[in-house]
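Novice: This is the structure I have questions about; it appears just below.
The values are calculated or read from the model by the stated rules, or taken from the named source; none is laboratory data. The model shown is predicted, which means the values in this text are computed figures rather than measured ones. Note that each Cβ is placed from the backbone with ideal geometry, even for glycine, and that neighbours are counted across all protein chains shown.
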């Protein structure tokens, strides 16, 4: 359920906020010293909860939106100039691969449907072959086709060894996709389940409402 | 060119047209010879080579300021200190030229670069204040303009003033530093090439380089830029500095090309002109020369009109204001914009379904 | 010698005089900002109303009627701005810049057309609001000299500080204005039309600014000179912002800028280079803005535990 601290957790994990006590380690290094750019270059991807505020620039076209996390890599730009031809090609590939419904990469993102915008977001985040994906409500408010496409991609990445933190209010999605499951209640982990197959919605519900709580979890932070 | 862009151009043209109509209306109301005035306004600049030359000369500083502000506004920062940057650029160019003795070609180049540097400082101060103190750039940049004006008037009156000259003007800038004229019979100077180059460089910078891309993304959606890993603080500062440099260079070029002494005792208003130019040019440096030409033509026409009829040049300022109002009003003709956009979107969907 | 001059009652008297136009405009800025819209057209409004003040007072041969008519003009311009920003969705800064530009050109044009004057309205028989001496107050030592013998509009501006304060914080309309400025969506969800409220606040903003404009040419000076607003509209923006957009806060900051203005007027007569002295109000604004913003930033950082 929302409002229990997931947002802050995501902010802190993705580098958007450095205000926290304790430690977050990424690949055995303290995450606090890394900027967002550095975290992303290390292999972190982030699908934001609010795709219009954080996930895209609605007045820019698809190409400009897909490349904000990789334009600085040497295959796409020199010291000063962007390698526009290479970028165009890659963008067209991604549009095909992620089945974004659009006439051309020049279309402005704000004109796309919610599901297609999310596909652009996902295309951007997944196209850098991330090692860590933080997905915050990735299928909220989009059509069924797009949602199942994205869920499948998440599973594919999981299968290839990527570490994925999925935050979702959709219990079905969470039970279907997760290997391990944690419930946050009022800013703390109230339950952790390592064997998701045996967890029922009812059980989860109790933890989500704070009826049940695993006291061993006081103050545990996940390490990546 | 898709129909959305076509509509935008149409809207802009219509806005200009309406603004002109209103201005003509005012002329009819206030003048004893309105028809003659309007004819002079619209065709005056075409009547002689010298007059057309006036248009081109007037265009040069407008191109610089248009490009400068396009870059600053691309980062979505409303920094209005360009006016002061231009002014200080002119002062700095004068001072530097008077106090150094560099060989030809190098002298004007170095002088112009110094002017650019000073321009950078003027727009940089409000930008830095925003970073260090979170103070609003709008007000601090406006204050900078007045500060520069009074500072430069002080320098003019007390340091640069040529006692032998009649008015309050500086010593003459050495001819080796001045920018030569290109076409005989006009005052069009080499600065024209520099200005056009600035527009081209500005365009390449914003649309073909990494920095330009970062600036544009930051301007479109700052949160998104930050989330993507862009250092928005640094990028915003860069855009303000770069824009200010172009303003400063514009001031230096104007001084060295059109004047041989520093005579500016009030703000010339190029900073405000830049706003209308960037509005017409849709913040794209490559269209700035076109918009600059239009404004320069209008201005020159107004000047010719004021010399031969009883209508004053200020009518054009009113026209400018109306144009800004109409072009920037999103809802102006927005009904048609929506119709066309939804038509396009439907067509796109139909195409994709067919695949 | 300067110190003595600064603390003399004459100087403080002059400060109050100089503060008046800035104060009117700052209050105007407050009301607009409280409703969530920046009124950057104050400069243009003051310029327009300085001209119209002269024209109307001459036409009516009455300063007070002229003032009323001018206030209507100011309100109209505020309404005009609101129309473009709210109805036609123009960016508030650009619309204000357009209005300021139009003001620059139109005032010169209108002055010429109406009176044949160029630059200063010498041939318009305009009237001014007079200065008065307050009967009892003038005998109070020191303060009497400061407070008495001021233009009536100066007293009006001081009263307006209280009026605007009461209006914003004690009346239902003021509450609605603040609500819309605080959180537009929340206000709309309880049935307040944010557009209607903003139309009202911008119109009121224009009316207040016009009083400052009228004073410029009908009290502070006696004629209209082109460009006579001289950036006061922009300084007022800073004053409002630095005063937290509250009437009392803006008043205090406006006093500061008024003092800078008065100081520069005095110093210009003296040995100091007058161009540098003229920088005073603007430098004060700049530095003041920086200090204010910095302390606000630090406070915010402390509160959010950075």
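Novice: Going residue by residue through the stretch B:214-221, is there one that turns out to be assigned to a loop (DSSP other than H, G, I, E, B) and more than 22 Å from residue B:281 (Cα to Cα)?
Specialist: So far as the stretch B:214-221 goes, no, none of its residues is assigned to a loop (DSSP other than H, G, I, E, B) and more than 22 Å from residue B:281 (Cα to Cα).
Novice: Conditions: (1) free of Cβ contacts under 8 Å to residues at least 24 places away in the same chain; (2) part of a helix (DSSP H, G or I); (3) in contact with a helix residue (DSSP H, G or I) (Cβ under 9 Å, 6 or more places away or on another chain); (4) away from chain B (no Cβ under 12 Å). Residue C:263 meets all but one. Number of the miss?
Specialist: (1)
Novice: Follow-up. Looking at (1) surrounded by 22 or more Cβ atoms within 10 Å (Cβ to Cβ); (2) modelled with pLDDT under 85, which is the one condition that is false for residue B:355?
Specialist: Tallying (1) surrounded by 22 or more Cβ atoms within 10 Å (Cβ to Cβ); (2) modelled with pLDDT under 85, residue B:355 fails exactly one: (1).
Novice: Follow-up. Taking the stated definitions as given, is residue B:156 within 14 Å of chain C (Cβ to nearest Cβ), farther than 27 Å from residue B:201 by Cα and touching a strand residue (DSSP E or B) at 6+ places or on another chain (Cβ under 7 Å)?
Specialist: Considered against the rule, which asks whether it is within 14 Å of chain C (Cβ to nearest Cβ), farther than 27 Å from residue B:201 by Cα and touching a strand residue (DSSP E or B) at 6+ places or on another chain (Cβ under 7 Å), residue B:156 comes out as yes.
Residues are listed down the side, and each one gets a yes or a no for (1) within 30 Å of residue A:42 (Cβ to Cβ); (2) at the interface with another protein chain (Cβ under 10 Å from one of its Cβ atoms); (3) in contact with a helix residue (DSSP H, G or I) (Cβ under 9 Å, 6 or more places away or on another chain); (4) surrounded by fewer than 22 Cβ atoms within 10 Å (Cβ to Cβ):
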site: B:239; (1), (2), (3), (4): yes, no, yes, no
site: B:242; (1), (2), (3), (4): no, no, yes, no
site: B:247; (1), (2), (3), (4): no, no, yes, no
site: B:252; (1), (2), (3), (4): no, no, yes, no
site: B:256; (1), (2), (3), (4): no, no, yes, no
site: B:270; (1), (2), (3), (4): no, no, yes, no
site: B:275; (1), (2), (3), (4): no, yes, yes, no
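Novice: Something else: Only one of C:269, C:280 is more than 11 Å from chain B (Cβ to nearest Cβ), modelled with pLDDT under 90, under 28 Å from residue B:156 (Cα atoms) and surrounded by fewer than 23 Cβ atoms within 10 Å (Cβ to Cβ); which?
Specialist: Answer to the check: C:269.
Novice: If I ask for residues that are at the interface with chain C (Cβ under 10 Å from one of its Cβ atoms) and under 20 Å from residue B:65 (Cα atoms), which ones from the stretch B:279-313 would you list?
Specialist: Scanning the stretch B:279-313 gives a single hit, B:279.
Novice: Here's a follow-up. Among the residues of the stretch C:169-191, what is the count of those that are within 15 Å of residue C:30 (Cβ to Cβ) and part of a loop (DSSP other than H, G, I, E, B)?
Specialist: Going through the stretch C:169-191 one residue at a time, the tally reaches 1.
Novice: Being without any contact (Cβ under 8 Å) to a residue 60 or more places away in the chain, in a helix (DSSP H, G or I) and either surrounded by fewer than 24 Cβ atoms within 10 Å (Cβ to Cβ) or away from chain B (no Cβ under 14 Å) (or both) narrows it down to one residue among C:202, C:208, C:216, C:256; which is it?
Specialist: Checking each option against the conditions leaves just C:256.
Novice: Next question, about the same structure. Scan the stretch B:95-114 and tell me whether some residue there is within 14 Å of another protein chain (Cβ to nearest Cβ) and in contact (Cβ under 8 Å) with a residue 60 or more places away in the chain.
Specialist: No, because not a single residue in the stretch B:95-114 is within 14 Å of another protein chain (Cβ to nearest Cβ) and in contact (Cβ under 8 Å) with a residue 60 or more places away in the chain.
Novice: So, one more: Restricting attention to the stretch C:59-77, does a residue exist that is closer than 28 Å to residue B:309 by Cβ and more than 7 Å from every other protein chain (Cβ to nearest Cβ)?
Specialist: Yes, there is a match, as at least one residue in the stretch C:59-77 is closer than 28 Å to residue B:309 by Cβ and more than 7 Å from every other protein chain (Cβ to nearest Cβ).
Novice: Ok, one more. Output yes when any residue across the stretch C:96-118 is at pLDDT 90 or above and farther than 23 Å from residue B:25 by Cβ, and no when none is.
Specialist: Within the stretch C:96-118 (the criterion being at pLDDT 90 or above and farther than 23 Å from residue B:25 by Cβ), the answer is yes, since at least one residue qualifies.
Novice: Follow-up. The conditions are (1) within 16 Å of the chain's Cα centre (by Cα); (2) more than 18 Å from residue A:207 (Cβ to Cβ), and residue A:159 fails exactly one of them. Which is it?
Specialist: Among (1) within 16 Å of the chain's Cα centre (by Cα); (2) more than 18 Å from residue A:207 (Cβ to Cβ), the lone unmet condition for residue A:159 is (1).
Novice: Just wondering, is there one or more residues in the stretch A:100-120 that are under 19 Å from residue A:54 (Cα atoms), over 14 Å from the mean Cα position of the chain (by Cα), surrounded by fewer than 21 Cβ atoms within 10 Å (Cβ to Cβ) and away from chain B (no Cβ under 14 Å)?
Specialist: Looking for residues that are under 19 Å from residue A:54 (Cα atoms), over 14 Å from the mean Cα position of the chain (by Cα), surrounded by fewer than 21 Cβ atoms within 10 Å (Cβ to Cβ) and away from chain B (no Cβ under 14 Å), one finds none in the stretch A:100-120, hence no.
Novice: If you scan the stretch B:107-162, which residues turn out to be outside any helix (DSSP H, G or I) and under 21 Å from residue B:96 (Cβ atoms)?
Specialist: Listed by number, the residues that qualify are B:161, B:162.
Novice: Then there's this: Return the residues of the stretch B:37-53 that are away from chain C (no Cβ under 14 Å), crowded, with 16+ Cβ neighbours inside 10 Å and farther than 25 Å from residue B:184 by Cα; say none if nothing qualifies.
Specialist: Across the stretch B:37-53, the qualifying residue is only B:38.
Novice: Every residue in the stretch B:225-237 that is within 14 Å of chain A (Cβ to nearest Cβ) and either over 17 Å from residue B:79 (Cα atoms) or touching a residue at least 24 places away in the same chain (Cβ under 8 Å) (or both), please.
Specialist: Listed by number, the residues that qualify are B:225, B:226, B:227, B:228, B:229, B:230, B:231, B:233, B:235.
Novice: Listed residues B:56, B:78; which is in contact (Cβ under 8 Å) with a residue 60 or more places away in the chain, surrounded by fewer than 24 Cβ atoms within 10 Å (Cβ to Cβ) and outside any helix (DSSP H, G or I)?
Specialist: Only one candidate qualifies: B:78.
Novice: Mind checking which residues of the stretch A:1-15 are under 15 Å from residue A:40 (Cβ atoms) and modelled with pLDDT under 75?
Specialist: A:15
Novice: Then there is this: Within the stretch C:238-250, which residues are in contact (Cβ under 8 Å) with a residue 40 or more places away in the chain, surrounded by fewer than 24 Cβ atoms within 10 Å (Cβ to Cβ) and assigned to a helix (DSSP H, G or I)?
Specialist: C:248
Table: residues versus (1) closer than 15 Å to residue C:214 by Cα; (2) away from chain B (no Cβ under 14 Å); (3) in contact (Cβ under 8 Å) with a residue 12 or more places away in the chain.
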residue: C:81; (1), (2), (3): no, no, yes
residue: C:107; (1), (2), (3): yes, no, yes
residue: C:118; (1), (2), (3): no, no, no
residue: C:121; (1), (2), (3): yes, yes, yes
residue: C:124; (1), (2), (3): yes, yes, yes
residue: C:150; (1), (2), (3): no, yes, yes
